[in-house]
1. Can you sort TYR78, TYR177 so the residue with the fewest Cβ neighbours within 10 Å comes first?
2. Which value in nm describes the separation of the simple spin-label points at ARG112 and TYR322, placed 7 Å from the Cα toward the beta carbon?
3. Would you please put 323-332, 217-226 in order of how densely packed they are, using the mean number of other Cβ atoms within 10 angstrom per residue and starting with the highest?
4. Taking 0.36 nm per residue of sequence separation and subtracting the Cα-Cα distance, how much length would be gained by fully extending the chain between VAL343 and LYS311, in nm to one decimal?
5. With label points built 7 Å along Cα→Cβ from the Cα atoms of LYS240 and GLN193, find their separation and express it in nm.
6. Under 14 Å from the 7 Å Cα→Cβ point of LEU333, by amide nitrogen: which residues of the stretch 297-321?
7. Sorting check: for 275-283, 127-135, which peptide has the highest mean count of neighbouring beta carbons within 10 Å, and how do the rest follow?
Amino acid sequence: MGRASDLFLVLLVLGSSFVAYNVVTMIIHYSSSQNLVVDSMDDGLLLDPIVEKPKNLKKQKTTRAPFHIALTATNAPYGQWQCRIMYYWYKQKRNLPGSEMGGFTRVLHSGRPDNLMDEIPTVVVDPLPPGLDQGYIVLHRPWAFVQWLQQATIEEEYILMAEPDHIFLTPLPNLAYGGHPAAFPFFYIKPEQNEKIVRKYYPEEFGPVTNIDPIGNSPVIIEKNLLAEIAPTWMNVSLKMKQDPETDKAFGWVLEMYAYAIASALHGVRHILRKDFMLQPPWDLETKNKYILHYTYGCDYNLKGELTYGKIGEWRFDKRSYLQGPIPKNLPLPPPGVPESVVTLVKMMNEATSNIPNWDSSS
């Protein structure tokens, strides 16, 4: 990489520091180069046939490498009930054989404590100043991680960046390998198809846009020190993207995901792409050989068990139906014919709500 590239990255990192300084000021004022794709849960890293593993990954790890689970959240009821369910399943899976799950932190970017402080390990950080997110609440995430990494004492050397709507299906090992973080590949993150916009933040001297992995920041397992380097750049790129009308229009609700992918590439970081890291019903039909269930999409079916996506079904589960309070206990099971992934989701929801104390409208 030439001098121009080095200068750009220095300026960007300095810009990140400058943005961070300005954010703090405003808060006070307002009071290896290869794309690694892994198909299955296999310690030998079953690879997509067109992809090879870098030489420095040929050796299998022989020691445990615990990782800390961190998720950013608000104090809104919608996020609170999801965090409670996620934390329940973390506790169920953490100490099982095969797990390398370490400590847990909810990074609460409301700027003040809430009523879950005694239930879930939590660190309170500041939100962005009013109006800076332009209604895009996910923009608080990189700023929350910057603050948390600066102030927290984290025993583990690795961090899993997770989200409230994640459920651990099985004990999760550390899928990262040294300086290669592990991430889930999203089909809708397409740097090559958006090269004109991407080049605003990833100049040509850094290399082809294929250096940018098709990922977001979650789920990602990454070395703590590496994340501390990337996070300010991630924040800076996110803010710049949101302030650019063309980028904002093109990337929409996945803007912050692109920002993390680009920030990682600017630091020369490539991720091991683990297809088995996560599944997303209703599109993924089975939970077999998957680690995390992500219930971001609505699940709508008729009584014949047929998917009616885009149309409210006779049977449905959609987390957005519960914006003002927690899901009820004992959700009805789907009708016969609905995929196993959706049935598992409902059963795990019901188990959690039956065992979490004080699961009611006061959550």
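1. On the way: TYR78 16, TYR177 20.
The fewest-first ordering by Cβ neighbours comes to TYR78, TYR177.
2. 2.6
3. Per-residue mean Cβ counts within 10 Å order the peptides as 217-226, 323-332.
4. Numbers: separation 32, 0.36 × 32 = 11.52 nm, distance 1.94 nm.
Stretched fully, the VAL343-LYS311 segment lengthens by 9.6 nm.
5. Taking the two extended label points, one gets 2.4 nm.
6. none
7. 275-283, 127-135
No value in this document is a laboratory result; all are computed from the given coordinates. Just so you know, these numbers come straight off a predicted model, no measurement behind them. Glycine gets a Cβ as well: all are built from the backbone with ideal geometry, and neighbour counts include every protein chain shown.
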